[in-house]
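All remarks here apply to the structure that follows.
The values are calculated or read from the model by the stated rules, or taken from the named source; none is laboratory data. Remember, it's a predicted structure, so these values are computed and weren't measured experimentally. Backbone-built Cβ (ideal geometry, glycine too); neighbour counts: all protein chains shown.
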Protein chains: 2
Amino acid sequence: MATRLRPTERRETHDARRFAPLPDPFPMWRGGVLRGARIAYETWGELNAAKDNAILIFTGLSPPAHAKSSPEDPSEGWWEGMIGPGFAIDTNRYFVVCVNSLGSCFGSTGPASTNPATGAPYRLSFPDLSVEDIARGGYETLRSLGIERANTIIGPSLGGMVVLAFAAQFPGATRRLVSISGTAAASPFAIALRSIQREAILRDPDWQGGAYTDDRPPATGMRIARKLGMMTYRSAAEWVERFGRQPVRDDLREEGPFAPEFAIQSYLEVHARRFVRAFDPNCYLYISRAMDRFDLSKHGSSNAEVLARSGIERALVIGVESDMLFALREQRALAEDFTRAGIPTHFAPLDCIEGHDSFLIDIKRFGDEIGAFLG
Amino acid sequence: MATRLRPTERRETHDARRFAPLPDPFPMWRGGVLRGARIAYETWGELNAAKDNAILIFTGLSPPAHAKSSPEDPSEGWWEGMIGPGFAIDTNRYFVVCVNSLGSCFGSTGPASTNPATGAPYRLSFPDLSVEDIARGGYETLRSLGIERANTIIGPSLGGMVVLAFAAQFPGATRRLVSISGTAAASPFAIALRSIQREAILRDPDWQGGAYTDDRPPATGMRIARKLGMMTYRSAAEWVERFGRQPVRDDLREEGPFAPEFAIQSYLEVHARRFVRAFDPNCYLYISRAMDRFDLSKHGSSNAEVLARSGIERALVIGVESDMLFALREQRALAEDFTRAGIPTHFAPLDCIEGHDSFLIDIKRFGDEIGAFLG
């Protein structure tokens, strides 16, 4: 996602995060356990007495739990226009919780965290991470708040897969589900892209088998990974309108052979620089691979059979025509699986021009769908 | 293009190439000259007495002049099914010439060639390369054969841009033109992709400012560049059918963290390994940048105005709906430019599933269009 990443330093002054301790030991879906692990989360709105008004939001690959500004952290959140009093996700009615994914690096336990058994960072000794584990992290966060059943779970991109893993693992733990620009199983195109992104990091000499230092991260690999992300998060048609063949930004001009010449290169450069500072490479590798591996149907005999056991009362599936990474056909198939499972489902194919990242940009259209669904 | 690249070694035994000397000095479009330069080409069929039955083919970024097998070189060519007696490009009627692009590394002069002034390879001392120079290389090849006017010039991908540069520079030098999956000016999406491919090579420590050695080329950069090429040459929908979520090929299994797990990764790996052995990195950088820079409209006041001066009598523009790299809207706009220039033009939008590379695969549908056009 093209969301603004915020370096951890800034969080020292403004920090709205809370931390939910995970059960100790915390069993990982593919084996291994975590000790003393935790999930970073933020909340907006109030939990009601019946504890039945909670909305749990899972993020895409790279954002933190800071989906929305608040008095404790007034900086803009990654879904600022979607959440708030009277907004599509209405904090006058709902208690909204957004979790930083297990395995990420914005406060939840991940490969960059200290392993309490050794006092050193986990790095590659972190156990295999699955989308299922990220879902369990969110589930346990709700339980730590005394919430047995969510009103709705919502997730875009990776989050659109996590909500399915949540439904598969915790029957009855949510009434409703919203999957946005997600998929029931990664497509070969998405696997191709992500495996090339990972290869760029793995083959960067500075990766050093995961033992890179803070002052010398695998910057080349991370830069290429991020630029490829940006390339596939938007759409070619949007870029024609937005950048065309304009020349490179003056402040990003470089000397030397094959220096950037076009504005689109400046755009990628700005995002790449920000990402190298903000995101941990090993965390990136773990979460990226987890996305490749996810396959809802492995939880039963078919997607529909798995969903039929989930206890979900209503579902909303949103997709975007211009999304090259999570194709609309995948969201359509998912909506059909929900319907086949006997769950009343609304499928909303949107023809936004902004590609996979449309949910971050076209707040009006996504908000209309989500707001109408939440009722 | 996903065509089979053939290492130069194999050419020692079977080689159908001829070499056209370029005018000495050969002026480059953006400045500088080449001395003692040449173009490698192959031919099929016979030039008639009037010398008016020549078809000139320009290639995509990476193929050699070997478009078709012949007694001198019986190995399969990159457009094997398209050219031959009774084929769409009928060698019973036409004298077919395919040129290796100027700047490439399969016999034509390029950055990997020896600079006669120094006795050492050009590398980055090679002058700036433009699509216009590649067009001139083909033009001069025809002249060296005594051909003043081509019957038809044909080019797919990069070649689809080169034929436009040919039309702009050499009015009257061809009667007809076929542009396949090309564009009149690179789109920001294509520039983004290519600039990331180049960055992977430029930041590979083994690139060494272009002074890499034969035994240690920038293999990581070339691997990533090729895998990204393969990813954007086909379509996500084709890969669902072809690979789905099948596991990695047994002979390509690896040990170690983040090893490949899916068949799509094996496919990319096979192509990447072949490419690293076959293609010169500096040549790749030069041609790739030339594609970014090309803009037909720079030859006059508008594309239509430029084309109106070309002396072209008829044009065929083919594009593919599933092409993410050279979008169908670009071919449609080009066909409109031809029509606006007063040139009878057939626009053939094909709904092939194979993406940008469809012209290499769906020989039937492309052959039907080309054959009907050639009449």
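Structure above, values below:
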{"item": "Condition met for A:Ile196 (touching a helix residue (DSSP H, G or I) at 6+ places or on another chain (Cβ under 8 Å), within 29 Å of A:Arg365 (Cα to Cα) and either within 14 Å of another protein chain (Cβ to nearest Cβ) or of a type in the set (Lys, Arg) (or both))", "result": "no"}
{"item": "Of residues in region A:256-269 being within 7 Å of chain B (Cβ to nearest Cβ) and among the hydrophobic types (A, V, I, L, M, F, W, C), the one nearest to the chain's Cα centre (by Cα)", "result": "A:Leu268"}
{"item": "From B:Arg234, B:Arg245, B:Arg226, B:Arg176, residue being in contact with a His (Cβ under 7 Å, 6 or more places away or on another chain) and touching a residue at least 12 places away in the same chain (Cβ under 8 Å)", "result": "B:Arg226"}
{"item": "Test result for B:Pro156, buried (at least 21 other Cβ atoms within 10 Å of the Cβ) and within 14 Å of chain A (Cβ to nearest Cβ)", "result": "no"}
{"item": "Which listed residue, of B:Thr220, B:Thr183, is assigned to a loop (DSSP other than H, G, I, E, B), surrounded by 24 or more Cβ atoms within 10 Å (Cβ to Cβ), within 14 Å of another protein chain (Cβ to nearest Cβ) and of a type outside the set (Asp, Glu)", "result": "B:Thr183"}
{"item": "One residue from A:Ala263, A:Ala259, A:Ala272 being more than 18 Å from A:Tyr233 (Cα to Cα) and not aromatic (Phe, Trp, Tyr)", "result": "A:Ala259"}
{"item": "Positions within region A:305-329 being buried (at least 24 other Cβ atoms within 10 Å of the Cβ) and not aliphatic (A, V, I, L, M), in sequence order", "result": "A:Gly319, A:Asp323, A:Phe326"}
{"item": "Residue among B:Ala117, B:Ala20, B:Ala16 that alone is in contact with an Asp or Glu (Cβ under 9 Å, 6 or more places away or on another chain), in a loop (DSSP other than H, G, I, E, B) and aliphatic (A, V, I, L, M)", "result": "B:Ala16"}
{"item": "Residue list for region B:321-343, filter: touching a residue at least 24 places away in the same chain (Cβ under 8 Å) and either within 14 Å of chain A (Cβ to nearest Cβ) or among the charged types (D, E, K, R) (or both)", "result": "B:Glu321, B:Ser322, B:Asp323, B:Met324, B:Leu325, B:Phe326, B:Ala327, B:Glu330, B:Gln331, B:Ala333, B:Asp337, B:Arg340"}
{"item": "Unmet criterion (only one of (1) in contact with a Leu (Cβ under 8 Å, 6 or more places away or on another chain); (2) more than 25 Å from B:Pro171 (Cβ to Cβ)) for B:Ile318", "result": "(2)"}
{"item": "Only one of A:Leu202, A:Leu228, A:Leu252, A:Leu268 that is surrounded by fewer than 20 Cβ atoms within 10 Å (Cβ to Cβ), of a type outside the set (Lys, Arg) and not assigned by TED's automatic domain parsing to the domain that holds A:Asp133", "result": "A:Leu252"}
{"item": "Selection count where residues are more than 21 Å from B:Gly311 (Cα to Cα) and surrounded by fewer than 24 Cβ atoms within 10 Å (Cβ to Cβ), scope region B:117-143", "result": "13"}
{"item": "Index of the failed condition, B:Cys105 passing every other in (1) touching a Lys or Arg at 6+ places or on another chain (Cβ under 6 Å); (2) assigned to a loop (DSSP other than H, G, I, E, B)", "result": "(1)"}
{"item": "Condition broken by B:Asp128, with the remaining ones in (1) within 14 Å of chain A (Cβ to nearest Cβ); (2) over 27 Å from B:Tyr233 (Cβ atoms); (3) in contact (Cβ under 8 Å) with a residue 24 or more places away in the chain satisfied", "result": "(2)"}
{"item": "Hits in region A:354-375 (condition: buried (at least 16 other Cβ atoms within 10 Å of the Cβ) and farther than 21 Å from A:Ser187 by Cα)", "result": "A:Leu360, A:Ile361, A:Asp362, A:Ile363, A:Arg365, A:Phe366, A:Gly367, A:Glu369, A:Ile370, A:Phe373, A:Leu374"}
{"item": "Single condition A:Ala167 does not satisfy, out of (1) within 11 Å of chain B (Cβ to nearest Cβ); (2) over 27 Å from B:Glu330 (Cα atoms); (3) buried (at least 24 other Cβ atoms within 10 Å of the Cβ)", "result": "(1)"}
{"item": "B:Arg253 farther than 29 Å from B:Ala167 by Cα, in contact (Cβ under 8 Å) with a residue 12 or more places away in the chain, out of contact with any Asp or Glu (no Cβ under 7 Å at 6 or more places or on another chain) and away from chain A (no Cβ under 12 Å)", "result": "no"}
{"item": "Meets criteria (among the aliphatic types (A, V, I, L, M), in a loop (DSSP other than H, G, I, E, B) and either closer than 27 Å to A:Phe294 by Cα or in contact with a strand residue (DSSP E or B) (Cβ under 8 Å, 6 or more places away or on another chain) (or both)) for A:Ala50", "result": "no"}
{"item": "Of the criteria (1) farther than 24 Å from B:Pro349 by Cβ; (2) part of a helix (DSSP H, G or I), which one B:Gly146 fails", "result": "(2)"}
{"item": "Failed condition for B:Arg203, given (1) within 9 Å of chain A (Cβ to nearest Cβ); (2) modelled with pLDDT under 95", "result": "(2)"}
{"item": "Flag if A:Ile154 is touching a residue at least 60 places away in the same chain (Cβ under 8 Å), aliphatic (A, V, I, L, M) and not in a helix (DSSP H, G or I)", "result": "yes"}
{"item": "Any hit, region B:91-104, residues being surrounded by fewer than 16 Cβ atoms within 10 Å (Cβ to Cβ) and assigned by TED's automatic domain parsing to the domain that holds B:Gly159", "result": "yes"}
{"item": "All positions within region A:33-47 that are in a loop (DSSP other than H, G, I, E, B) and closer than 14 Å to A:Gly103 by Cα", "result": "A:Arg35, A:Gly36, A:Ala37"}
{"item": "Region B:223-250, subset of a type in the set (Gly, Ala, Ser) and on the phi < 0 side of the Ramachandran plot, residue nearest to the other protein chains (Cβ to nearest Cβ)", "result": "B:Ala236"}
